[in-house]
1. Using a 10 Å cut-off around each Cβ, can you sort Ser174, Ser34 from fewest to most neighbouring Cβ atoms?
2. Of Tyr182, Tyr47, how do they rank once you tally other Cβ atoms within 10 Å and put the fewest first?
3. For a footprinting-style exposure proxy, rank Met41, Met184, Met244 by other Cβ within 10 Å, fewest first.
4. Please list, by residue number, everything in segment 137-165 whose backbone N is under 13 Å from a paramagnetic label point 7 Å out along Cα→Cβ of Leu104.
5. Excluding residues on the same chain fewer than 8 positions from Lys246, give the lysines whose Cα lies under 23 Å from its Cα.
6. On C-alpha positions alone, give me the angle between the axis of helix 178-191 and the longest principal axis of the chain, in degrees, nearest 10.
7. Given the rule -39500 (n - 2.57) for each run of at least 4 DSSP H residues, summed and divided by the residues of the chain, what is its mean residue ellipticity at 222 nm, to the nearest 500 deg cm²/dmol?
8. Label points 7 Å out from Cα along the Cβ direction at Ala194 and Ala271: separation in nm?
Amino acid sequence: MGTPSYTDGPAGHRTPPARGVPRRRHFADRPRRSVLLTALMGLTALYALLPLAWLVINATKTQKSLLDSFGLWFSGDFALWDNITQTLTYDDGIFVRWFLNTLLYVVAGAGGATFLAVLGGYGLAKFDFPGKRAVFATVIGAVAVPATALAVPTFLMFSKAGLTDTPWAVVVPSLVSPFGLYLMWVFAAEAVPAELLEAARVDGSGELRTFFQVALPLLTPGIVTVLLFTMVQTWNNYFLPLIMLKDPDWYPLTLGLNAWNEQASTAGGHAVFNLVITGSLLTIVPLVAAFLLLQRYWRSGLAAGSVKG
């Protein structure tokens, strides 16, 4: 029970409040509403949702109505299911092959990058060794370097090794995630108490057992957060596959849809803009589903990593 508040009475005496009478909240205790902030958030939501609405609306149109109708409203013919069928069967079902390629790159690349980030972040957070400051500076510097700046050196290196135009040319560079490593470093430092690790070691637990049975469950929110970041980065990766791959059978969805989009500008090419839009809609469905299913983990992971004190 809380302590009752007293009010000043006559002659300086303080009288307790009457029982059963709820305490009035002061106006200052109420959260203030900012019209400017609400307007800015509304504009941000509009900016994020308008392209998605355009994509959903135009995925319901045929190739002809796509060019003849207003972009932000439906046409007379609802062709979503026909567009989905044509997208999955066009050119001997090459879209399905691109989807499986993207899934391979995400599972092997993003999954491997998350695993390495968890191991590296935990080790850097919980163990002291010579050169740790240099490692920290290297990680921060790697985060600051854009991926496009490393694309050409990476291509030359893989070309010398004879790995271009193979899945390894996309998977291996995706295994390195400096931002994921830094995020796991910060999260592990706060989420895993040193006393808990010491207690496990005193009980005779080895380092591997301590990591998998004690630390790993505590790192779950951070792991999911890093996994979502690396998954989105690998799923939307365009520039690296563009310079590494020539065989369309190994294209991810980003390159494949771009190839369909450029068909209209090639000699004798057939415009399939309705399939490009429908394919783009199908491409983002797995990402939206992953964020919705895992949001309770990655939100807590971001919050825990941001309150380092």
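The numbers here are math on the coordinates, done by the rules we state, and not lab data. These numbers were taken from a predicted model, which means no experiment stands behind them. Positions of Cβ are generated from backbone atoms using ideal geometry, with glycine treated the same way; all protein chains shown enter the neighbour counts.
1. On the way: Ser174 20, Ser34 10.
Least crowded to most crowded, the residues run Ser34, Ser174.
2. Values: Tyr182 21, Tyr47 9.
Ascending number of Cβ neighbours within 10 Å: Tyr47, Tyr182.
3. Working: Met41 11, Met184 30, Met244 23.
Result, fewest neighbours first: Met41, Met244, Met184.
4. In segment 137-165, the label zone of Leu104 (backbone N under 13 Å from the point 7 Å along Cα→Cβ) covers 165.
5. Within the straight-line cut-off, Lys246 pairs with Lys160.
6. 20
7. Details: 14 runs with 195 residues, N = 309.
Rounded to the nearest 500, the figure is -20500 deg cm²/dmol.
8. Using points 7 Å along Cα→Cβ, the separation is 6.6 nm.
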